[in-house]
Amino acid sequence: MTQRDHLMDGLRVVAAHVIVLHHLSSYGPLANTLAQTWPALHEVLYAYGRMATQVFLVMAGYWSAQTLLSTPQAPLVERLRKRYARLVPPFALALLTVALTVQVLRPFIDQDWLTAPASLWQWISHVLLIQDFVGQPSMTVGAWYVAIDFQLYALLAVLSWALLRLGVGLQGVVAGVALLCLASQWYFNRDAAWDRWAWYFLESYGVGALLAWSQSSASVVSSARAWLGVCLFSALAAGWMYPRPRLWLTVLVCGVLLWGASRWKPSVRSARWWQRQSDTSYALFLTHFAPLVLANALWIQGGYDSPRWGVAWLIMTWAVCVVWSVIFHRSVETLMRRAWH
C-alpha cells in the first residue's frame with residue numbers, strides 16, 4: 001500500500017462519518033435536540049455536511065482511472081458488470097433493511113421525513129439505478145449517490161473504450177476527460193437540473209481521474225499533469241465567478257492528496273486501522289439510516305425531551321451505526337463481492 005493509499009483511506013473514513021453526522025442532524029426529533037444544544041454545530045453539519053460527497057467523487061474518479069489504466073483492453077461489458085455487482089447487491093439489501101425498519105416503526109413515529117412505502121416499480125428503479133430518471137422518490141438517504149457513482153464509472157469506461165478503439169490512445173482519453181471536466185465546471189454543474197446526470201459531477205470525478213493519470217508511470221503523465229493544472233485553475237475561477245464552494249472543496253481535496261502523499265506516514269498498525277475503517281465506509285454509507293430511524297422511534301416512544309440527553313442519544317446512535325456497518329460489511333458486503341466476482 002502506498003502513502004497515497006493511506007491518505008485516501010483517512011479521507012474516505014472522515015468523509016463517510018461527516019455524511020452520517022449530516023443525516024443525524026437532519027432527520028427526526030433527535031436532530032432538533034442538537035440544534036437546541038449546539039446550534040452552530042448543527043448548522044454546519046446540516047448545511048455543509050453533504051459536501052463531503054465531493055471527497056468520495058474525487059477519490060472514485062482516481063480509483064476508476066487507475067483501474068482503466070491498468071487494464072485498458074478489458075472488455076467493456078465485463079467492466080460494467082463488475083462495477084454494478086460491486087455496488088448494487090449490498091445496496092439492494094440495505095434498501096430492504098431500511099424498508100422493513102420504516103414499515104415496522106412508522107406507527108411509532110408518524111412524521112413526514114420517513115420514506116413512504118415503496119411500490120414494485122420503485123424497487124425495480126432503484127435496483128436498476130434509474131430512480132431519478134423515472135421520477136421515483138428515494139427509498140433511503142444516499143440512493144442518488146450510488147446511481148451517480150455507476151453512471152460516472154460507465155461514462156469513463158465507455159469514453160475510454162470508444163476513444164481507444166478510434167486509435168487516439170491514452171493521450172486522447174486524458175484530453176477527453178479533461179474537456180468534459182471543464183464543461184461540467186462551466187456549464188452542467190451550474191444548473192441543478194442536471195444533477196441526475198453524471199456530467200454534473202464530472203467537475204470532481206474528472207479531477208480525480210486526471211490526478212491518478214498524472215501520478216502513473218504511463219506515457220500520459222506529462223499531458224495529464226498539464227490538463228490537471230488547467231482543470232484545477234478552472235475550478236477556482238468557475239467557483240469564484242459562479243459561487244460554488246464544492247468546486248473549491250474539489251481543489252482542496254486534490255491539493256491535500258498531492259501535498260500529503262509523501263508526508264503522511266502512519267505506523268503499520270495505524271495504517272491497518274485506517275484501511276479497515278475505509279473498507280467499511282461503503283457499508284456505513286448504505287446502512288446508517290435504519291439505526292437513525294430506530295433511535296428516533298425509541299426517543300419518541302420514551303417521551304424524552306431533554307436536549308442534552310438527546311445529543312447523548314445521537315452520539316450513541318452514531319456508535320451503533322458504526323457497529324452495524326462493520327457487521328454488514330463482514331457478513332454481507334464481503335460475501336456478496338466474492339460471489340458476484
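Numerical summary
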| item | result |
| --- | --- |
| Given (1) buried (at least 19 other Cβ atoms within 10 Å of the Cβ); (2) over 15 Å from residue 205 (Cα atoms); (3) touching a residue at least 24 places away in the same chain (Cβ under 8 Å), number of the condition residue 163 does not satisfy | (3) |
| Selected residue (only one of 92, 85, 143 is within 19 Å of residue 288 (Cα to Cα), surrounded by fewer than 19 Cβ atoms within 10 Å (Cβ to Cβ) and not charged (D, E, K, R)) | 92 |
| Residues located in the range 98-128, provided they are part of a helix (DSSP H, G or I), of a type in the set (S, T, N, Q) and in contact (Cβ under 8 Å) with a residue 12 or more places away in the chain | 101, 103, 122 |
| Qualifying positions in the range 298-311 - closer than 18 Å to residue 21 by Cα and surrounded by 13 or more Cβ atoms within 10 Å (Cβ to Cβ) | 299, 307, 309, 310, 311 |
| Qualifying residue in the range 52-69 (condition: assigned to a helix (DSSP H, G or I), over 30 Å from residue 161 (Cβ atoms) and within 19 Å of the chain's Cα centre (by Cα)) | yes |
| Scope the range 179-211; condition buried (at least 24 other Cβ atoms within 10 Å of the Cβ) and under 18 Å from residue 160 (Cβ atoms); matching residues | 181, 184, 201, 202, 205, 206, 207, 208, 209, 210, 211 |
| Members of the range 129-152 that are farther than 17 Å from residue 27 by Cα and in a helix (DSSP H, G or I) | 144, 145, 146, 147, 148, 149, 150, 151, 152 |
| Some residue of the range 256-279 being more than 23 Å from residue 142 (Cβ to Cβ), under 21 Å from the mean Cα position of the chain (by Cα) and buried (at least 18 other Cβ atoms within 10 Å of the Cβ) | yes |
| Residue in the range 203-218 that is of a type in the set (Asp, Glu), under 19 Å from residue 53 (Cβ atoms) and not in a loop (DSSP other than H, G, I, E, B) present | yes |
| Pairs where the first residue, in the range 240-254, is closer than 17 Å to residue 47 by Cβ and the second is at pLDDT 95 or above and not in a helix (DSSP H, G or I), C-beta under 6 Å, 6+ apart | none |
| The lone exception for residue 133 - which of (1) surrounded by 16 or more Cβ atoms within 10 Å (Cβ to Cβ); (2) within 22 Å of residue 91 (Cβ to Cβ); (3) of a type in the set (A, V, I, L, M, F, W, C) it fails | (1) |
| Unmet criterion (only one of (1) farther than 30 Å from residue 248 by Cα; (2) touching a residue at least 40 places away in the same chain (Cβ under 8 Å)) for residue 51 | (1) |
| Leading residue by the ranking (farthest from residue 298 (Cα to Cα)) among those in the range 109-129 that are buried (at least 19 other Cβ atoms within 10 Å of the Cβ) and of a type outside the set (A, V, I, L, M, F, W, C) | 125 |
| Residue list for the range 25-64, restricted to those being over 28 Å from residue 228 (Cβ atoms) and among the charged types (D, E, K, R) | 43 |
| Output for the range 318-339, where each listed residue is under 21 Å from the mean Cα position of the chain (by Cα) and not hydrophobic (A, V, I, L, M, F, W, C) | 325, 329, 330, 333, 334, 337 |
| Condition met for residue 45 (closer than 25 Å to residue 255 by Cα, in a helix (DSSP H, G or I) and among the hydrophobic types (A, V, I, L, M, F, W, C)) | yes |
| Residue check, residue 211 over 24 Å from residue 132 (Cα atoms) and in contact with a Phe, Trp or Tyr (Cβ under 7 Å, 6 or more places away or on another chain) | yes |
| Options 229, 172, 176; residue that is modelled with pLDDT of 95 or more and either surrounded by 14 or more Cβ atoms within 10 Å (Cβ to Cβ) or outside any helix (DSSP H, G or I) (or both) | 176 |
| In the range 83-108, the residues that are aromatic (Phe, Trp, Tyr) and closer than 16 Å to residue 297 by Cα | 108 |
| Residue match in the range 80-97 (condition: of a type in the set (Val, Ile, Thr), free of Cβ contacts under 8 Å to residues at least 12 places away in the same chain and either closer than 19 Å to residue 198 by Cα or in a helix (DSSP H, G or I) (or both)) | no |
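The values are calculated or read from the model by the stated rules, or taken from the named source; none is laboratory data. All values reported here derive from a predicted model rather than from experimental measurement. Every residue, glycine as well, gets a Cβ built from its backbone with ideal geometry; the counts of neighbours run over all protein chains shown.
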